[in-house]
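What follows is calculated from the coordinates using simple rules that are stated; it is not laboratory data. This is a predicted model, so every value here is computed, not measured. With ideal geometry, Cβ positions are generated from the backbone for all residues, glycine too; neighbour counts draw on all protein chains shown.
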Amino acid sequence: MHFLSLIGGVVLTFLGHLGRLTIFAGTSLSHCLRPPFYWRRVASQMVDIGYFSLPVVGLTAIFSGMVLALQSYTGFARFSAGSETAVANVVVVSLTRELGPVLAGLMVAGRIGASMAAEIGTMRVTEQIDALTTLSTNPFKYLVVPRLIAGLLMLPVLVLVADIIGVFGGFLVSVYKLGFNAASYINNSYDFMQAFDVISGLIKASAFGFVIALMGCYNGYYSKGGAQGVGAATTNAVVSSSILILTLNYIITELFFGT
Amino acid sequence: MTAKISLTDVRKSFGPKKVLDGITLDIAPKESVVVIGGSGTGKSVLLKCVLGILLADFGAIKVDGEEVAQVPASDRDAVNRKFGMLFQGSALFDSLPVWENVAFGLLQREHLSRAEAKDRAVATLAKVGLGSDVAMLSPAELSGGMQKRVGLARAIAGEPEIVFFDEPTTGLDPIMADVINDLIVACVRKQGITALSITHDMHSARKIADRICMLYQGKLIWVGPSSEVENSGNPYVDQFVHGAAEGPIKMQVHR
Ligand SMILES: Nc1ncnc2c1ncn2[C@@H]1O[C@H](COP(=O)(O)OP(=O)(O)OP(=O)(O)O)[C@@H](O)[C@H]1O
Ligand SMILES: [Mg+2]
């Protein structure tokens, strides 16, 4: 009996959060469409998310590309000796379709999701959000909307950069370590690259960017109880957006490529 | 004449804890009212209920005759424009420099250009005794008392009709505290704002108040002109005014 009530309690809390999150997302979206717009805030968030995430995303991408080339070469060697075309193909397809968006998404979730939750959470517990409202500024418009828009727009840009850097990483390993011919590797990569692979990756990226900003803002906005509460909000933002990214990734893949 | 702010039987609880238990108070236009009362009696909660940051559980709150008790702050734009608020913890925006904090309302409500808004901000900062060199600093670089004064400047910069001051002189030296008292008096007398202030400082209360109210156990147990606070005939008020540990108010301490 006690066990059942425990499960019931967990389910109810979960549903409560889900409802609150849905309302939060709906309110935010409706504010995205109604003026006033704070373009200055949007721009500064875009710099924050796009520009300052470049090093993290770039490093992640280059090593992933390198490992991918190495692994697929040694892996394929078991079936057919050193197929150059296969390596180039695997690197391009898996980076643009999967690894680019997912890895960039997860890295940005750690970097940006956490900082959004911490910043908005601190503003909540130090009454800055109340101060905003009394100064005739809607906190959704001023704090949440710029972050959502910046996430939505900048993640695809980051992922595009990650795709390019990742393919370059694969190129480095293939040419300098595995001794492939540089020109034919580039040719192969180019031949195998399909616009739809890249586009589907960018659409995923947009969705991930939205989810990261949404979870960061949501957890920050409802944080309470001082430094400890802000800490919990930060953790929740990163964990929940990471899980949502992986879940969404499957759903979007299923939609695009599932038969 | 209708009251600028009118509270009728306002109640607010947090869980089982009754913080406000039937507050009734009318504040006339251009009047300065001070609320005194022990720490944790609900003075800040009272201000937040009027502002709509917290929603009262029960009762009516009217601003210029408009009922606002159940309207959250985010849904009452026109009413918000009448208010300036100094938060107890200052609540400065730490992502913005000091001048932009002070000019925030000017930029949002009056859509001044940034240059104009900055000039107004620097002028307002001068009123609270802060030089133009402070304007470019970030709030985190200021002392607690300076942050308080920036918060005060932010509250009055837009020349609102009503200003709430939550402990305006706490954390200031006695001389600066008196400068701030004079500033609040000047706002009320010259600009004709309606002020509702909270303070623990009886000197400050006597100076800025037309009327003083004492909040105790969720009720206003005494309301009267500030000149009568010395001999109110109310033992609770007497104890508070004279800061005596012995009296009808029992602090929850164990020795
Ligand atoms: N958001 C909240 N949630 C739960 N309880 C609260 C909340 N805000 C205030 N309280 C409680 O309400 C009571 C009154 O708080 P309030 O901040 O109004 O005190 P105060 O009179 O302003 O005290 P002080 O002079 O120390 O500032 C306190 O006991 C506090 O615990
Ligand atoms: Mg208080």
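General observations
- Centre-to-centre separation between the Cα atoms of segment B:171-224 and those of segment B:1-67: 16 Å.
- By the helix-only formula, in which each DSSP H run with n ≥ 4 contributes -39500 (n - 2.57) and the sum is divided by residues, chain B has a 222 nm mean residue ellipticity of -8500 deg cm²/dmol.
- Given chain B, longest segment not containing exposed loop GluC sites (Glu not before Pro) (DSSP; at most 16 other Cβ within 10 Å): B:1-229
- The ranking of B:Lys118, B:Lys219, B:Lys17 from fewest to most other beta carbons within 10 Å of each one's beta carbon is B:Lys17, B:Lys219, B:Lys118.
- Partner shielding of A:135-143 amounts to 6, given as the average count of beta-carbon atoms from other chains within 10 Å of each residue beta-carbon.
- Once the Cα atoms are used to define both axes, helix B:144-157 deviates from the longest principal axis of chain B by about 80 degrees.
- For the segment B:84-91, counting C-beta atoms of other chains within 10 Å of every residue's C-beta and taking the mean gives 4.
- Here's the list of aspartates and glutamates a cross-link from B:Lys18 could span, going by alpha-carbon distance under 12 Å and ignoring same-chain residues fewer than 8 apart: B:Asp57.
- Distance violations [Cα-Cα > 31 Å] among B:Lys17/B:Lys207; B:Lys4/B:Lys148; B:Lys17/B:Lys127; B:Lys82/B:Lys118; A:Lys141/B:Lys148: B:Lys17/B:Lys207; B:Lys17/B:Lys127
- Taken one residue at a time, the phi angles of segment B:51-62 give Karplus couplings (6.51, -1.76, 1.60, θ = phi - 60°) of 6, x, 5, 10, 9, 5, 6, 7, x, 10, 10, 10 Hz. Gly and Pro are set to x.
- Segment A:57-140: chymotrypsin sites (Phe, Trp or Tyr not before Pro) falling in loop per DSSP and having at most 15 other Cβ within 10 Å: A:Phe79
- Proxy reagent accessibility, fewest Cβ within 10 Å first, across B:Asp178, A:Asp197: B:Asp178, A:Asp197
- For A:121-130, mean number of other protein chain Cβ atoms within 10 Å: 5
- Relative contact order (%) - criterion: Cα under 8 Å, at least six apart; region: chain A: 31
- Shape class for segment A:201-245, computed from the alpha carbon gyration tensor (a ≥ b ≥ c): prolate, with a/c not under 1.5 and a/b above b/c.
- Charged side chains reduced to their Cβ positions (Lys and Arg at +1, Asp and Glu at -1) give segment A:38-257 a dipole of some 320 debye around its Cα centre.
- Shape call, segment A:1-131: gyration tensor on alpha carbons, a/c limit 1.5: oblate
- Each semi-axis of the equivalent ellipsoid for chain A is √(5λ) with λ an eigenvalue of the Cα gyration tensor; in descending order they amount to 40, 21, 16 Å.
- When B:Trp222, B:Trp99 are arranged by Cβ crowding within 10 Å, least crowded first, meaning fewest neighbours, the order is B:Trp222, B:Trp99.
- Estimated dipole of segment B:1-137 in Debye, rounded to 20 [Cβ of Lys and Arg +1, of Asp and Glu -1, Cα centre]: 220
- 3J(HN,Hα) couplings calculated from phi for segment A:35-51 with the Karplus curve 6.51 cos²θ - 1.76 cosθ + 1.60 (θ = phi - 60°) are, in sequence order, x, x, 10, 9, 4, 4, 5, 4, 4, 5, 5, 5, 5, 4, 6, x, 5 Hz; Gly and Pro show x.
- Placing +1 on the Cβ of every Lys and Arg and -1 on the Cβ of every Asp and Glu, with no other charges, gives the protein assembly as shown a dipole of roughly 360 debye about its Cα centre.
- Each of the peptides A:105-114, A:37-46 was scored by the mean count of other Cβ atoms within 10 Å over its residues; in descending order, highest first, they stand as A:105-114, A:37-46.
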